[in-house]
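Below: one structure, written as structure tokens.
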Amino acid sequence: MEVIIQPSAEDGTQLAADLIAELIRKKPDATLGLATGRAPLGLYRKLVDMRLDWRQVRTFNLDEYVGLPGAHPASFSRYMDEHLFRHINIDRRNAHVPSGTAADVPDACARYEETIRLAGGIDLQLLGIGTNGHIGFNEPTSSLASRTRIKTLTEDTRRDNACHFDAGQLVPHHVVTMGIATIMDARQCVLLAFGRAKSAAVAAAIEGPVSAMHPASALQLHPNAVYCLDDEAASGLTLASYYRWVREHKFAVHA
Ligand code: GLP
């Protein structure tokens, strides 16, 4: 894993934006896995400002609430539209968000997997991390071999996400999420985590044991996983100064 610690979320975001921009420039028909939440908001703003050519790019989002129509203010489909899709020249037929309202959700999940496969797999999967270590909506004890499916949210996650819903509105119990194996199939994973609230989850993911109790720890088994952190999110890492040194001397190996 490459652990990159930046002084601020702004710097961490810039790094991820540069990785994605480089991929799209090199491979105009790249397939991106996209995430929602607070962490990637600045990244999407930067990508919009970069005025990249998205005409051939395909995107697959990680997750969606079951039962929320796409127009609902808290739906991830609406989030993507507001923060990215409506500002770029992507062909909407290539911008996929799992459906939480299909007549047959399990069947839609299977088709989502198939669509990713037919697209040639995901080149770069963007991720955030929940305070309980979830990636996508793969809650603790999710199988490390899981595929896109319906999951039940923990109370902690529902509480963390309540701010996206109006007061008094129920946060859905059920979601559709790519599985951990779906995420692990991506050729590169880039996880963004900013702020002290994520420090314990980040430390457990990077330096703890690989465990279904902490889904992000599965990335330890990924051959190309990059963590973009700010100082606060990195504050629980035992080897923080080592990661900083490695980063600083990355190109000095043969000097
Ligand atoms: C959400 C999403 C995750 C996201 C995480 C953290 O509920 N399903 O994909 O990474 O929780 O979100 P945030 O960046 O807002 O803290």
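The values are calculated or read from the model by the stated rules, or taken from the named source; none is laboratory data. Remember, predicted model here, so these are calculated numbers, not experimental data. A quick note on method: Cβ atoms are made from the backbone with ideal geometry, for glycine too, and the neighbour counts reach across all protein chains shown. Heavy atoms of the whole protein, side chains included, go into the accessibility calculation; ligands, DNA and RNA do not. Shrake-Rupley method; radii C 1.70, N 1.55, O 1.52, S 1.80 Å.
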Looking only at segment 20-55, which residues are within 13 Å of the ligand (Cβ to nearest atom) and under 12 Å from the mean Cα position of the chain (by Cα)? 33, 34, 35, 36, 37, 38, 39, 40, 41, 43
Note on segment 197-222: residues surrounded by fewer than 16 Cβ atoms within 10 Å (Cβ to Cβ) and either within 19 Å of residue 15 (Cβ to Cβ) or within 12 Å of the ligand (Cβ to nearest atom) (or both) are 197
In this structure, does residue 154 turn out to be surrounded by 17 or more Cβ atoms within 10 Å (Cβ to Cβ) and under 26 Å from residue 44 (Cα atoms)? no
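Listed here are the residues, each with its yes/no results for (1) within 11 Å of the ligand (Cβ to nearest atom); (2) modelled with pLDDT of 95 or more; (3) more than 17 Å from the chain's Cα centre (by Cα); (4) open to solvent by 40 Å² or more (accessible area, probe 1.4 Å).
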site	(1), (2), (3), (4)
136	yes, yes, no, no
142	no, yes, no, no
145	no, yes, yes, yes
160	yes, no, no, yes
169	no, no, yes, yes
174	no, yes, yes, yes
179	no, yes, no, no
191	yes, yes, no, no
When restricted to 51, 58, the only residue out of contact with any Pro (no Cβ under 6 Å at 6 or more places or on another chain), of a type in the set (Lys, Arg) and crowded, with 21+ Cβ neighbours inside 10 Å is 58
Please pick out the residue among 93, 78, 117 that is surrounded by fewer than 22 Cβ atoms within 10 Å (Cβ to Cβ), free of Cβ contacts under 8 Å to residues at least 40 places away in the same chain and in contact with a His (Cβ under 9 Å, 6 or more places away or on another chain). 78
Scan segment 20-35 for residues that are closer than 16 Å to residue 49 by Cβ and in contact (Cβ under 8 Å) with a residue 24 or more places away in the chain and jot them down. 20, 21, 24, 25
Residue that is nearest to residue 167 (Cα to Cα), among those in segment 56-109 that are part of a strand (DSSP E or B) and within 16 Å of the ligand (Cβ to nearest atom): 65
Residue by residue through segment 147-158, note down the ones that are part of a helix (DSSP H, G or I) and near the ligand (Cβ under 10 Å from one of its atoms). 157, 158
Among the residues of segment 33-48, which ones are surrounded by fewer than 22 Cβ atoms within 10 Å (Cβ to Cβ) and under 28 Å from residue 237 (Cβ atoms)? 37, 38, 41, 42, 45, 46
Take residue 97 and decide whether it is in contact with a helix residue (DSSP H, G or I) (Cβ under 8 Å, 6 or more places away or on another chain) and either under 24 Å from residue 171 (Cα atoms) or small (Gly, Ala, Ser) (or both). yes
